[in-house]
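K.L.:
I am attaching a structure below and will ask some questions about it afterwards.
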Amino acid sequence: MTIKQNHRFANKNRQKQPKVRPVDFKAEVVLFNKPFDVLSQFTDDQNRQTLKNFIDIKGIYAAGRLDRDSEGLLLLTNDGKLQHKLANPSQKTDKTYWAQVEGIPTDADITALCQGVELKDGMTKPAKVSIINEPKIWPRTPPIRERAAIPTSWLEITISEGRNRQVRRMTAHIGFPTLRLIRYRIGKWTIDGINNGDYKRLTNV
């Protein structure tokens with residue numbers, strides 16, 4: 001084997017070596033109850049509110065996203081494997097949302113959402129959907145715009161996909177636009193006991 005071949009072989013072997021976590025590494029998960037109008041990132045060049053306004057913890061990153069106009073659970077972690085699992089749509093992590101919609105869906109409308117609806121990017125997978133009483137939640141700032149002549153209702157929607165603005169598109173498809181959207185649960189974690197704008201730190205998860 002020539003010197004050049006030996007060098008190439010050594011480089012190849014070096015590239016295959018997996019990353020080794022420090023012995024004292026501790027996985028940490030941060031559950032953040034994101035307010036309305038806050039970006040799911042730590043920096044912004046347009047001076048909008050970001051995670052930095054609420055969370056002062058180094059080395060953690062959002063696992064997935066939550067739209068600026070949505071509220072509720074955003075999960076952050078220092079664990080790259082966990083971050084990939086939760087952010088990757090192929091992992092099919094269940095997420096539960098509370099959606100305040102304009103109008104009152106019928107049983108047939110709920111069944112349609114449960115079975116799947118045809119969106120521009122294809123059929124949605126079966127979901128768990130039910131009408132619920134208004135949850136005990138914080139007031140939104142600013143409040144939603146309600147039309148006096150049209151009542152609103154709340155839906156609990158659990159999906160395992162992660163398409164862009166999926167819940168909003170699903171309710172709009174059946175004729176009931178989403179006025180307010182709150183993510184309540186990701187996998188085994190929820191916003192129970194976490195005030196809006198606050199977070200909870202979990203270690204050794």
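The values are calculated or read from the model by the stated rules, or taken from the named source; none is laboratory data. All values reported here derive from a predicted model rather than from experimental measurement. Note: ideal-geometry Cβ built from the backbone for every residue, glycine included; neighbour counts use all protein chains shown.
K.L.:
Residues that are under 27 Å from Ile60 (Cβ atoms) and either at pLDDT 95 or above or in contact with a Lys or Arg (Cβ under 8 Å, 6 or more places away or on another chain) (or both): does segment 146-158 have at least one?
P.N.:
Start the filter on segment 146-158 by keeping residues that are under 27 Å from Ile60 (Cβ atoms), which leaves 158.
Imposing the further condition that a residue be either at pLDDT 95 or above or in contact with a Lys or Arg (Cβ under 8 Å, 6 or more places away or on another chain) (or both) reduces the set to 158.
Yes: segment 146-158 contains one or more residues that are under 27 Å from Ile60 (Cβ atoms) and either at pLDDT 95 or above or in contact with a Lys or Arg (Cβ under 8 Å, 6 or more places away or on another chain) (or both).
K.L.:
Could you tell me which residue of segment 68-111 is farthest from Arg169 (Cα to Cα), considering only residues that are surrounded by fewer than 19 Cβ atoms within 10 Å (Cβ to Cβ) and hydrophobic (A, V, I, L, M, F, W, C)?
P.N.:
Leu82
K.L.:
Okay, next question. Select from segment 112-142 the residues that are surrounded by 12 or more Cβ atoms within 10 Å (Cβ to Cβ) and polar (S, T, N, Q) and list them in ascending order.
P.N.:
Those that are surrounded by 12 or more Cβ atoms within 10 Å (Cβ to Cβ) and polar (S, T, N, Q): Gln115, Thr124, Ser130.
K.L.:
Would you mention how many residues in segment 105-141 are over 30 Å from Gly197 (Cα atoms), of a type outside the set (D, E, K, R) and assigned to a loop (DSSP other than H, G, I, E, B)?
P.N.:
In the first step, residues of segment 105-141 are kept if they are over 30 Å from Gly197 (Cα atoms); the result is 105-126.
Keeping just the survivors that are of a type outside the set (D, E, K, R) gives 105-106, 108, 110-117, 119, 122-124, 126.
Of the ones still in play, those that are also assigned to a loop (DSSP other than H, G, I, E, B) are 105-106, 116-117, 124, 126.
Adding up the residues that qualify gives 6.
K.L.:
Can you confirm whether Leu155 is under 24 Å from Gly116 (Cβ atoms), in contact with a Ser or Thr (Cβ under 6 Å, 6 or more places away or on another chain), outside the structural domain of Ser40 (by TED's automatic domain parsing) and among the aliphatic types (A, V, I, L, M)?
P.N.:
So Leu155 fails the test.
K.L.:
Can we say Gly175 is assigned to a loop (DSSP other than H, G, I, E, B), in contact (Cβ under 8 Å) with a residue 24 or more places away in the chain and in contact with a helix residue (DSSP H, G or I) (Cβ under 7 Å, 6 or more places away or on another chain)?
P.N.:
Working: assigned to a loop (DSSP other than H, G, I, E, B): yes; in contact (Cβ under 8 Å) with a residue 24 or more places away in the chain: yes; in contact with a helix residue (DSSP H, G or I) (Cβ under 7 Å, 6 or more places away or on another chain): no.
So Gly175 does not fit the description; no.
K.L.:
Would you tally the residues in segment 70-115 being without any contact (Cβ under 8 Å) to a residue 12 or more places away in the chain and among the acidic types (Asp, Glu)?
P.N.:
1
K.L.:
Does segment 190-205 include one or more residues that are farther than 30 Å from Phe25 by Cα, at pLDDT 95 or above and in a strand (DSSP E or B)? Before the answer, list the steps.
P.N.:
Within segment 190-205, the subset farther than 30 Å from Phe25 by Cα is none.
Scanning segment 190-205, I find no residue that is farther than 30 Å from Phe25 by Cα, at pLDDT 95 or above and in a strand (DSSP E or B), so the answer is no.
K.L.:
Out of everything in segment 93-104 that is under 12 Å from the mean Cα position of the chain (by Cα) and not in a strand (DSSP E or B), what residue ends up being nearest to Ala62 (Cα to Cα)? If you could, list the steps in order and put the result at the bottom.
P.N.:
Looking only at segment 93-104, we keep the residues that are under 12 Å from the mean Cα position of the chain (by Cα), and these are 93-97.
Right, trim to not in a strand (DSSP E or B) and you get 93-94.
Values: Thr93: 15, Asp94: 17 Å.
Step by step, filter segment 93-104, then rank; the result is Thr93.
K.L.:
Of the conditions (1) polar (S, T, N, Q); (2) closer than 30 Å to Ile57 by Cβ; (3) modelled with pLDDT of 95 or more, Asn164 clears all except one; give me its number.
P.N.:
Only one criterion in (1) polar (S, T, N, Q); (2) closer than 30 Å to Ile57 by Cβ; (3) modelled with pLDDT of 95 or more is unmet by Asn164, namely (3).
K.L.:
Which one is surrounded by the most Cβ atoms within 10 Å (Cβ to Cβ) among residues in segment 162-173 that are farther than 17 Å from Ile144 by Cβ and in contact with a strand residue (DSSP E or B) (Cβ under 9 Å, 6 or more places away or on another chain)? Steps first, please.
P.N.:
So in segment 162-173, the residues farther than 17 Å from Ile144 by Cβ come out as 162-164, 166, 169-170, 173.
Right, trim to in contact with a strand residue (DSSP E or B) (Cβ under 9 Å, 6 or more places away or on another chain) and you get 162-163, 166, 169-170, 173.
Values: Gly162: 17, Arg163: 15, Gln166: 18, Arg169: 16, Met170: 25, His173: 16.
It comes out as Met170.
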